[in-house]
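The block underneath contains the structure these notes are about, expressed in structure tokens.
Values quoted throughout were computed directly from the atomic coordinates according to the rules given, and no laboratory measurement underlies them. Here the structure is a predicted model, which means the values were calculated and not measured. Heads up, the Cβs are rebuilt from the backbone with ideal geometry, glycines too, and the neighbour counts pull from every protein chain shown.
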Amino acid sequence: MVGLPARGKSYMASKLTGYLSFFHGAVVRIFNLGEYRRRLYGPHAPDSFFSPDNPEGVAKRAECARMAMKDMIDFLFQESGVEGLQMKNVHSGRIGIFDATNSTRERRRWIRDQLVGLPVKLIFIESCCDDKLTVKNNIWTSKVNNQDYKNVEEQAAYSDFRKRIAQYEKMYASLDESEYAWIKLINSGQRVVINNIHGFLPGRIVQFLSNIHATHKPLYLSRHGQSEYNLSGKIGGDSGLTAAGAKYAEALGRFAADHIQVGPDGKPRRTRLWTSSMRRTIDTVARVPHPKLADGWMQMSHRVYRQLDELYAGICDGMTYEEIEETYPEEFQHRKEDKLAYRYPRGESYLDIVSRLEPLVHEMESYRQPLLIVGHQAVLRLVYAYFAGVSREEAPRLSIPLNTVIELTPNAAGDKYFEKRTVLEPGTVSLSDGQQDPALAGKHDPPSH
């Protein structure tokens with residue numbers, strides 16, 4: 001990472017870590033030099049510590065960089081059970097993120113020299129921001145309460161951090177080295193400049209970083225209302241809603257109008273709505289209102305995505321788990337052993353859904369408005385897992401009940417999500433529907449994957 005303090009480098013590193021590990025199976029670790037400094041020299045360092053004219057501070061910061069670099073190289077080349085990962089075709093190697101200002105040409109040359117001769121690809125990622133309000137907000141949301149300023153009054157912490165930035169500005173040189181591979185993001189992706197970027201994964205990194213930004217908005221997730229297949233215990237299909245499912249659709253429409261389309265201040269706010277292409281999700285949002293705001297924005301204009309369709313069970317589509325166990329006992333056992341990677345014959349696996357969800361997540365990250373997604377259990381498990389920071393290995397075991405709206409709201413720094421679950425029309429259906437999957441608990445409750 002490259003850039004002055006409070007430009008969102010650590011936020012980018014955190015988001016990139018989640019993205020690369022979840023969608024590309026990479027083993028990613030961040031090496032933050034601030035953590036090394038606090039470990040070696042204590043939690044608070046005066047602004048003079050960061051001065052280029054302070055030989056002692058320069059030496060100590062260089063020592064932190066050497067330690068972090070050694071740890072990163074050790075991490076990149078340690079054994080990791082790659083053979084087993086390759087068997088599932090989900091491994092994209094190891095990625096180390098060297099999270100510091102790296103704001104001088106000399107430091108970047110040193111980084112390059114440490115990696116020369118090693119079988120690694122080096123990419124510098126710079127975050128530039130000349131918007132004074134954004135920098136100010138970044139300091140207040142992510143700096144004044146971090147470990148450097150524990151037990152320090154907030155205004156004093158803010159003033160001290162401003163002095164730290166001034167020290168870095170004395171020596172800062174933006175990326176311009178033509179021989180390096182680099183990505184430069186200016187003002188949260190308003191402008192993106194790349195140099196010597198080639199290959200599939202570097203290209204995906206560019207696209208992902210171009211979409212993320214510091215505008216934090218809530219995400220709402222809901223399964224469709226109870227379907228006829230839910231009621232009969234069958235998986236897949238494209239059945240309609242039961243009477244209980246129709247009641248949930250009405251309740252969801254009211255909830256959307258009262259709690260999603262209106263912000264915490266009680267005023268209307270722009271909102272979005274996505275569903276799969278399947279009948280049961282489309283019917284579930286039939287009662288969601290679409291008023292036009294004063295600025296012409298159509299509230300929750302309905303967008304349908306086939307990428308949100310439920311996991312396809314192939315030859316098992318339309319069967320109950322009991323029927324699958326009786327008819328295809330070996331397949332039943334294989335799925336029980338590895339639910340993430342198991343692919344139904346002529347059907348899909350959870351990993352297949354991960355692949356088709358990736359472009360949609362890029363779009364979700366780019367949005368600046370609250371989004372309601374009405375979908376299916378397997379798909380929503382993965383969407384939830386990505387945003388909540390849950391590994392994809394754990395995703396197939398997550399609870400996404402019927403008749404429940406899950407609200408995920410990012411914290412001020414944007415690196416963690418607060419969760420709230422609201423049950424609508426309680427008592428009309430079993431909220432555990434699909435949760436007692438025999439692959440998870442050995443019981444045969446009505447499933448939806």
- [ ] Amide H neighbours of V2 under 5 Å, at least 5 residues apart or on other chains, H built in the peptide plane: list them.
- [x] I125, E126, S127
Task: Overall dimensions of region 9-211 by Cα: Rg and Dmax, Å - done: 17.8, 54
Open item on the list: What is the angle, in °, between the Cα long axis of helix 350-366 and the longest principal axis of the Cα atoms in the chain? Nearest 10 is fine, range 0 to 90.
Closed with: 60 degrees
Task: Rough spin-label spacing in nm, given labels placed 7 Å along Cα→Cβ, for N151 and T104 - done: 3.3 nm
Open item on the list: Over all directions, how big on average is the projection of the convex hull of the alpha-carbon atoms in region 219-441, in square nanometres?
Closed with: 12.0 nm²
Task: Residue among V116, V405, V379 with the largest mean-square fluctuation in a Gaussian network model of the chain, springs linking Cα atoms under 10 Å - done: V116
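For L175, L40, which order do you get if you count the other beta carbons within 10 Å of each Cβ and list the fewest first?
Values: L175 20, L40 11.
Neighbour counts put them in this order, fewest first: L40, L175.
Residues with beta-carbon under 15 Å from that of I186, excluding I186: net charge, scoring Lys, Arg +1 and Asp, Glu -1? Kindly include the intermediate steps, with their values, before the conclusion.
Numbers: positive: R7, K9, K132, K184, R191; negative: E126, D130, D131, D176.
Once all neighbours under 15 Å are counted, the net charge is +1.
Local charge sum around A413 (other residues, Cβ-Cβ under 14 Å, Lys/Arg +1, Asp/Glu -1)? Spell out each step's value before the answer.
Details: positive: R7, K9, K15, K143, K416; negative: D415.
It works out to a net charge of +4.
Could you line up M171, M12 from fewest to most neighbouring Cβ atoms inside 10 Å? Walk me through the numbers on the way to the answer.
Working: M171 16, M12 23.
Fewest-to-most Cβ neighbours within 10 Å comes out as M171, M12.
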Task: J(HN,Hα) series, region 219-230, from Karplus relation 6.51 cos²θ - 1.76 cosθ + 1.60, nearest Hz, glycine and proline x - done: 10, 10, 10, 8, 6, 4, x, 3, 9, 4, 5, 4
Open item on the list: Test of understanding: what is the full-extension gain from V304 to D113, defined as 0.36 nm times their sequence separation minus their Cα-Cα distance?
Closed with: 63.8 nm
Open item on the list: Can you work out the Karplus-derived ³J(HN,Hα) for every residue in region 153-159? Use 6.51 cos²θ - 1.76 cosθ + 1.60 with θ = phi - 60°, whole Hz, and x for glycine or proline.
Closed with: 4, 4, 5, 5, 5, 4, 4
Open item on the list: Could you tell me the center-to-center distance, by alpha carbons, between region 329-371 and region 97-136 in angstrom?
Closed with: 34 Å
TODO: First measure r as the distance between the Cβ atoms of Q333 and R356, then evaluate 1/(1 + (r/R0)^6) with R0 = 22 Å and state the FRET efficiency to the nearest 0.05.
DONE: 0.25
Open item on the list: Using only the alpha-carbon atoms, how far is helix 243-255 inclined from the longest principal axis of the chain? Give it as 0 to 90 degrees, nearest 10.
Closed with: 40 degrees
Task: Size of the chain as Cα extents on the principal axes (Å, biggest first) - done: 74, 56, 40
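Going down the table (K184/K416; K15/K247; K60/K416), which pairs top 27 Å between alpha carbons?
Numbers: K184/K416 25 Å; K15/K247 38 Å; K60/K416 31 Å.
Too far apart for the 27 Å limit: K15/K247; K60/K416.
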Open item on the list: Between E250 and L398, what is 0.36 nm times their sequence separation minus the Cα-Cα distance? Round to one decimal in nm.
Closed with: 50.7 nm
Open item on the list: Taking a ≥ b ≥ c as the square roots of the Cα gyration tensor eigenvalues, with a/c under 1.5 meaning rounded and otherwise prolate when a/b beats b/c, else oblate, which class fits region 144-276?
Closed with: oblate
Open item on the list: Can you give me the long-range amide H partners of S227? Hydrogens built in the peptide plane at 1.01 Å from N, cutoff under 5 Å, separation of 5 or more residues or another chain.
Closed with: T242
Task: Computed lengthening from A412 to E323, 0.36 nm per intervening residue step minus Cα-Cα distance - done: 27.2 nm
Open item on the list: Give me the one-decimal nm value for the distance between modelled label points at H290 and Q207, 7 Å along each residue's Cα-to-Cβ direction.
Closed with: 2.8 nm
Open item on the list: Need one number: nm distance between label points at D71 and K420, each 7 Å from Cα along Cα→Cβ, rounded to one decimal.
Closed with: 3.7 nm
TODO: For D309, enumerate residues with amide H under 5 Å from its amide H, sequence gap 5+ or separate chain, H modeled in the peptide plane.
DONE: S277
Task: Calculated from backbone phi, Karplus (6.51, -1.76, 1.60) coupling profile of region 174-180 in Hz, x at Gly/Pro - done: 5, 4, 8, 6, 5, 7, 9
